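Okay, structure first, notes after.
The values are calculated or read from the model by the stated rules, or taken from the named source; none is laboratory data. What you see is a predicted model; the values in this text were computed from it and never measured. Here Cβ is always computed from backbone atoms with ideal geometry, including for glycine, and neighbour counts include all displayed protein chains.
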Amino acid sequence: MRFNRRTLLSGAIAAASILVSPAATAQTAFPTKPITIIVPAAAGGPTDTVARLIGESMGRTLGQTILVENVGGAGGTLGMTRVSKSAADGYTLAIWHIAHATAPALYGFHQVRCRQ
């Protein structure tokens, strides 16, 4: 196998870019604050139960408080809208089931709004 200057130079640049890459620097620990799991259904149902079991396991694994918040109403669209409007920082999660895939057909995109 024979290498020319261009191949060697490309390899050297790639290696150097990996060494000085911002991704190679130390990242802050995650999570640094409680994580919220939104369940767009009433408390006590099967989805709520699964969310609480997952939250308990996540809390032990991550060493952080996991809050389960039930936001029922409008077939789950209120809770899911709240999740979609939250900051995209990984601290707000949603647990729902496949039935939510029907919401756009049932309610129409323009009607799905979160009232706060």
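For this structure, a couple of remarks:
- Scanning the stretch 51-66 for residues that are surrounded by fewer than 15 Cβ atoms within 10 Å (Cβ to Cβ) and either touching a Leu at 6+ places or on another chain (Cβ under 8 Å) or part of a helix (DSSP H, G or I) (or both) yields L53, E56, S57, R60, T61, L62.
- Among the candidates G11, G75, residue that is under 30 Å from A105 (Cβ atoms), modelled with pLDDT under 90 and part of a helix (DSSP H, G or I): G75
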